[in-house]
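These notes are about the structure you will find just below.
Bear in mind these aren't lab numbers, they're just calculated from the coordinates by the rules spelled out. All values derive from a computational prediction rather than experimental measurement. All Cβ positions, glycine included, derive from the backbone under ideal geometry; neighbour counts span all protein chains shown.
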Amino acid sequence: MSYNLLKGKRGIIFGALDSKSIAWKVAEKAHEEGAVFTLSNTHTAIRFGEVKDLAKKCDTEIIAADATSVSDLEKVFEKSIDILGGKIDFVLHSIGMSLNVRKKRHYSDLNYKYLEKTLDISAISFHKMLQVAYKMDAINEWGSVVALTYIAAQRVLYGYNDMADAKALLESIARSFGYIYGRDKNVRVNTISQSPTITTAGSGVKGIDGLLDFTERMSPLGNATAAECADYCVSLFSDFTRKVTMQNLYHDGGFSSMGMSLKAMAMYNKSLEMDLGLDSLMDDLD
Ligand SMILES: NC(=O)c1ccc[n+]([C@@H]2O[C@H](COP(=O)([O-])OP(=O)(O)OC[C@H]3O[C@@H](n4cnc5c(N)ncnc54)[C@H](O)[C@@H]3O)[C@@H](O)[C@H]2O)c1
């Protein structure tokens, strides 16, 4: 059902790769809610992903860009304003990548070149995006910028590796730039901290299946899906959240406020009874 929440709004959605991507669901929902927008991703993602199908479905254009390149980002904003016929009202940063995770480097044995890439792609690109938009004055008053993050920024979650550091930086950038952009242009900047979700990026996290089961048992409302995340993003792009800024907003079924739940305790007790030989299991995982 559509509420026309984004009717008349223009946006840019970064990071739709395939139909599992959170950005893909956001694009579908924003289209349904009456927005017009452009899509952006890397050349490789456009070539090997399914984003062309999404563009067709949403009757829009794709602008290739590496989000770590300031000149690419300038092009995205310039072209989007041109294609959409005016300044931008909302931006989604749905970008993350770690070569240390991909190449299975342990957190105590990081490759620092990879770490620099992780931080540049997954966090500093958000600063670049905001700085480019700010300098170009590309976003309308009361516009909304959202980036996606994960609770590993606050708490240690096994297997998240250097992405935890990237998310901590990303959330800090949202606060620091949120102050400047709010003060000078009435633009809001927030991060949404999403439940673990099966996507291409999500599947790269070590132990993702166990993590999904654990967070599902721990969260009173269960894990939030990518489609539910899209609903939340749309509400933040809409005029109903105009005074929400500089926040890290949990969208996780209540997980972030939990310590132990009945369902998780039941599972834990069961595994104790079964005596699973946890020591050898831990050796395998480490
Ligand atoms: N899946 C999860 O469990 C989960 C949970 C919380 C937060 N997030 C965050 O959500 C966001 C979207 O991830 P997703 O789960 O939809 O996975 P995804 O793999 O579908 O999306 C990641 C996107 O980042 C893009 N990307 C990588 N390098 C880039 C670069 N240099 N320039 C531009 N784009 C680049 C990829 O092409 C891809 O489209 C990420 O920030 C991720 O960390 C995901």
Which numbered condition in (1) out of contact with any His (no Cβ under 6 Å at 6 or more places or on another chain); (2) of a type outside the set (S, T, N, Q); (3) in contact (Cβ under 8 Å) with a residue 12 or more places away in the chain; (4) outside any loop (DSSP other than H, G, I, E, B) is the only one that residue 206 fails? (4)
Quickly run through the stretch 76-86 and pick out the residues that are surrounded by 16 or more Cβ atoms within 10 Å (Cβ to Cβ) and either within 13 Å of the ligand (Cβ to nearest atom) or assigned to a loop (DSSP other than H, G, I, E, B) (or both). 76
Hey, among 192, 173, which residue is in contact with a Cys (Cβ under 9 Å, 6 or more places away or on another chain), closer than 13 Å to residue 146 by Cα and not polar (S, T, N, Q)? 192
Is it the case, given these coordinates, that residue 67 is outside any helix (DSSP H, G or I), within 13 Å of the ligand (Cβ to nearest atom) and surrounded by 20 or more Cβ atoms within 10 Å (Cβ to Cβ)? yes
Taking the residues in the stretch 229-247 that are in a helix (DSSP H, G or I) and hydroxyl-bearing (Ser, Thr, Tyr) as candidates, determine which candidate is farthest from residue 34 (Cα to Cα). 241
Selected residue [of a type in the set (Asp, Glu), on the phi < 0 side of the Ramachandran plot, in contact with a helix residue (DSSP H, G or I) (Cβ under 8 Å, 6 or more places away or on another chain) and crowded, with 24+ Cβ neighbours inside 10 Å] from 18, 89: 89
Please verify whether residue 33 is charged (D, E, K, R), under 28 Å from residue 252 (Cα atoms), away from the ligand (no atom under 14 Å from the Cβ) and in contact (Cβ under 8 Å) with a residue 12 or more places away in the chain, treating the condition exactly as stated. yes
